[in-house]
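The values are calculated or read from the model by the stated rules, or taken from the named source; none is laboratory data. Bear in mind the structure is a predicted one, so any value in this text is a computation, not a measurement. As a convention, Cβ positions derive from the backbone with ideal geometry for all residues, glycine included, and neighbour counts pool all protein chains shown.
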Amino acid sequence: MPLSSKHLLGLQGVPAEDIQLILDTATTFREVLDRPIKKVPTLQGKTIVNLFFENSTRTRISFELAQKRLSADTVNFTTSSSSTKKGETFKDTVRNIEAMKIDMIIVRHESAGVPQYLTQISEANIINAGDGRHEHPTQALLDMYSIKEKTGDLKGLKVCIVGDIAHSRVALSNIYGLISMGAKVSLCGPSTMMPMGIENLGVKIYHNIEKAIHENDVLNVLRIQLERKAGTTIPSVREYHNYFGITSERIERFNRDILILHPGPINRGVELSSEVADGPYQIILDQVTNGVAIRMAVLYLLGTRP
């Protein structure tokens, strides 16, 4: 069965069946990545534009690799060398690109709602690669895939998202996706980093990291987003680490079986100690590898949708 929508703008309201289809399809493509020749002709003849208005390393490279692994033609857009620097509007930029007969747009933008706006001015399939503080659906999907790969199932699993919830688009997509798949989701962090009313989404709130470690199966640890003024919500990064940092000592004392995720980039010595970032509890590099498989799955399912 195809996905229920021609776009992937977020995970809010996305049926569990669609998420399961993406995860199952990613398993097939994960096997492709282990072959000597890591390429299939699935999207040959399709043209995909990577429209990134924000800096990115993992997400952009992951999408580019996924496109090349599927044999699609890839076009990379950078704001520093585009006509937006000459005063061209976003709408005119997109319409000029679409006039070149493209099939799919991957967009990352600092403003929430831009992927939704693109669906109104473009006939292409739109995939949200992160919009402001709104959502980052493919990151949440690769997180869920990575957790499921290690635990076997998401249903009933206790997952705590730790850190800068207020500035995170990863947190929101994870909340929507994990709850849809039957996981029990909680959040942990300083009260200054918790959006007002976030508990209305059906999540439990912790302000004590030791308790969160003790009572959960998985920690998805978020970066403190200093570029979005997150530093103004805490006295210092040192104090944050003292109260909420994930250390080997805390894990070994409260829960030796816990699984640690991080979407990257890591601020070592802030969210995670180096011992944890490189240690046996984390699956951070697995997330990176699985990100290519998840994005291949999303591109395939949207690119071949009737």
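A few points about this structure:
- Members of region 171-200 that are part of a helix (DSSP H, G or I) and in contact with a strand residue (DSSP E or B) (Cβ under 8 Å, 6 or more places away or on another chain): Ala171, Asn174, Ile175, Leu178, Ile179, Ile198, Glu199
- Condition check for Leu51: in contact (Cβ under 8 Å) with a residue 24 or more places away in the chain and in contact with a Ser or Thr (Cβ under 8 Å, 6 or more places away or on another chain): no
- Of residues in region 280-306 being outside any helix (DSSP H, G or I) and touching a residue at least 24 places away in the same chain (Cβ under 8 Å), the one surrounded by the fewest Cβ atoms within 10 Å (Cβ to Cβ): Pro306
- Total residues in region 154-170, condition touching a Lys or Arg at 6+ places or on another chain (Cβ under 8 Å) and part of a loop (DSSP other than H, G, I, E, B): 8
- Number of the condition not met by Ala140 [criteria: (1) in contact (Cβ under 8 Å) with a residue 60 or more places away in the chain; (2) farther than 17 Å from Arg58 by Cβ; (3) not hydroxyl-bearing (Ser, Thr, Tyr)]: (2)
- Meets criteria (crowded, with 19+ Cβ neighbours inside 10 Å and assigned to a strand (DSSP E or B)) for Ile251: no
- Considering residues of region 95-140 that are among the polar types (S, T, N, Q) and assigned to a loop (DSSP other than H, G, I, E, B) only, the residue surrounded by the fewest Cβ atoms within 10 Å (Cβ to Cβ): Ser111
- Across region 263-279, the qualifying residues are those that are acidic (Asp, Glu) and either in contact with a Ser or Thr (Cβ under 6 Å, 6 or more places away or on another chain) or without any contact (Cβ under 8 Å) to a residue 12 or more places away in the chain (or both), and the one among them that is surrounded by the most Cβ atoms within 10 Å (Cβ to Cβ) is Glu275.
- Boolean, Ile260 is at pLDDT 95 or above, in a strand (DSSP E or B), buried (at least 20 other Cβ atoms within 10 Å of the Cβ) and not charged (D, E, K, R): yes
- Filter result for Thr247 (modelled with pLDDT under 95, more than 23 Å from the chain's Cα centre (by Cα) and among the polar types (S, T, N, Q)): no
- Checking Ile97, Ile102, Ile48 one by one, the residue that is under 20 Å from Val292 (Cβ atoms) and in the same structural domain as Ile127 (by TED's automatic domain parsing) is Ile48 and no other.
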